[in-house]
Amino acid sequence: MILGIESTAHTFGIGIVEKGKILSNVKDAYTTEKGGIIPMESAKHHARVAEEIYRKALNDAEISEKEISAIAISQAPGLAPCLLEGMKFAKKKAVELNVSIIPVNHCVAHLEIGRLTGAKDPVLLYASGANTQIIAYAAGKYRVFGETLDIGIGNFIDIFARHIGLGFPGGPKIMELAKSGKYVEIPYSIKGMDVAFSGLLTNLKQKFDSKKYKIEDLCYSLQETAFAMLIEASERALAHTGKKELLIGGGVACNTRLQEMCRIMCEERGCKLFCPANQFLTDNGAMIAYLGEIMFNKGTKIDIKDFDKLDINSRERTDMVEVKWR
Ligand code: ATP
Ligand code: FE2
């Protein structure tokens, strides 16, 4: 059994996996009424809830901690104070239980957990807070075919939400407001398979500040435009690679309108859409445990004697990870 710890940003989560089966997935997220994430505050949140989440994950899985063979930790990328808190907790538990640690890349875990849905060799649309990438596996690595040239789509949505007085996370609130909105034109920004959101953000902020537009219309137009950009880039990647599956991942993939647009595009192309359950789309410990187990079975682990050399890696990219397990 592998226990996985997630702590890269707002969420502290622990999941337990055995032979690819999720036995538990418990989390608690730092949120705000207004304003964005303050990394040090989020790290304090993680320190405060860690032990309780750990107990609850063991309880839900109905196992004792002695049954754990190794601890997987989201080592990269993320906010340094949050990553450090998770690493500290992982090392403490690993020493107590006398087990090794499996360092996992958070982004790759977002992708690999999609395999639970049955996707075999998909193009992945990874749409989360800090990241927006269109990825496909080729020759030993997850290659990034297209990505955001500035901010991640979730951060873009959250910054606009903050601007109009909504707290963090803004995505679900914008989604609700968008349901009763109509389209107004905002810039559409795609370059090849890359996308950019800062122009849209400025334009939306200006429109909001002018007080000439309904909030609902701005939210609707934000979604229709930004998601259409993601669909266009994803479709291009499907055409280029000849792959027949689209998998979505990351917190923004919880958005039902984005899911619908993906479904329509896939139907039109004769491709199949795979969408994991929401609990596996936003940050969670189960995805870390799930990929951790796969890596562990291929021999990746850091023993206790080497823990002083084991550090966080806040900037590791998806395409830097050597995929030894496929
Ligand atoms: P990363 O994986 O890049 O490190 P993260 O860990 O912050 O980013 P996730 O937990 O995967 O990201 O996703 C959080 C983001 O998902 C937030 O920006 C949030 O607003 C967004 N989000 C959650 N639900 C929805 C929704 N229904 N519609 C749009 N966005 C959503
Ligand atoms: Fe994430």
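The values are calculated or read from the model by the stated rules, or taken from the named source; none is laboratory data. Predicted model, so just to flag it, every value in this text is computed and none were measured. Note that each Cβ is placed from the backbone with ideal geometry, even for glycine, and that neighbours are counted across all protein chains shown. Just the protein is used for accessible areas: all its heavy atoms, side chains included, with ligands, DNA and RNA removed. Shrake-Rupley method; radii C 1.70, N 1.55, O 1.52, S 1.80 Å.
On the stretch given as region 1-25, residues that are aliphatic (A, V, I, L, M), open to solvent by less than 10 Å² (accessible area, probe 1.4 Å) and within 16 Å of ligand 1 (Cβ to nearest atom) total 2.
When residues in region 164-189 are screened for being assigned to a loop (DSSP other than H, G, I, E, B) and under 11 Å from Asn255 (Cβ atoms), 0 of them pass.
Conditions tested, residue by residue: (1) part of a strand (DSSP E or B); (2) assigned by TED's automatic domain parsing to the domain that holds Ser69; (3) within 13 Å of ligand 1 (Cβ to nearest atom); (4) modelled with pLDDT under 95.
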| position | (1), (2), (3), (4) |
| --- | --- |
| Ala94 | no, yes, no, no |
| Pro103 | yes, yes, no, no |
| Asp121 | no, no, no, yes |
| Leu125 | yes, no, yes, no |
| Gly129 | no, no, yes, yes |
| Glu147 | yes, no, yes, no |
| Ile151 | no, no, yes, no |
| Asn155 | no, no, yes, no |
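Looking only at residues in region 102-155 that are open to solvent by 10 Å² or more (accessible area, probe 1.4 Å) and of a type in the set (Asp, Glu), the one that is farthest from ligand 2 (Cβ to nearest atom) is Asp121.
The residues in region 26-59 that are among the small types (Gly, Ala, Ser) and open to solvent by 30 Å² or more (accessible area, probe 1.4 Å) can be counted, and the count is 2. Taken over region 305-319, residues that are touching a residue at least 24 places away in the same chain (Cβ under 8 Å) and open to solvent by 60 Å² or more (accessible area, probe 1.4 Å) amount to 3. Can you pull out every residue in region 235-278 that is more than 20 Å from Ala109 (Cα to Cα), of a type outside the set (Lys, Arg) and open to solvent by 30 Å² or more (accessible area, probe 1.4 Å)? Scanning region 235-278 gives Glu235, Ala239, His240, Thr241, Gly242, Thr256, Glu260, Ile264, Glu267, Glu268, Gly270. Once region 43-96 is narrowed to residues that are among the hydroxyl-bearing types (Ser, Thr, Tyr) and more than 26 Å from Arg317 (Cα to Cα), the residue that is nearest to the chain's Cα centre (by Cα) is Tyr54.
In this structure, is Gly35 under 15 Å from Gly292 (Cα atoms) and either outside the structural domain of Pro77 (by TED's automatic domain parsing) or of a type outside the set (Lys, Arg) (or both)? Outline the logic, then answer.
Numbers: under 15 Å from Gly292 (Cα atoms): no; either outside the structural domain of Pro77 (by TED's automatic domain parsing) or of a type outside the set (Lys, Arg) (or both): yes.
Judged against the criteria, Gly35 is not a match.
Do you know which residues across region 163-212 are of a type in the set (Ser, Thr, Tyr) and buried (at least 17 other Cβ atoms within 10 Å of the Cβ)? Listed by number, the list holds a single entry, Ser189.
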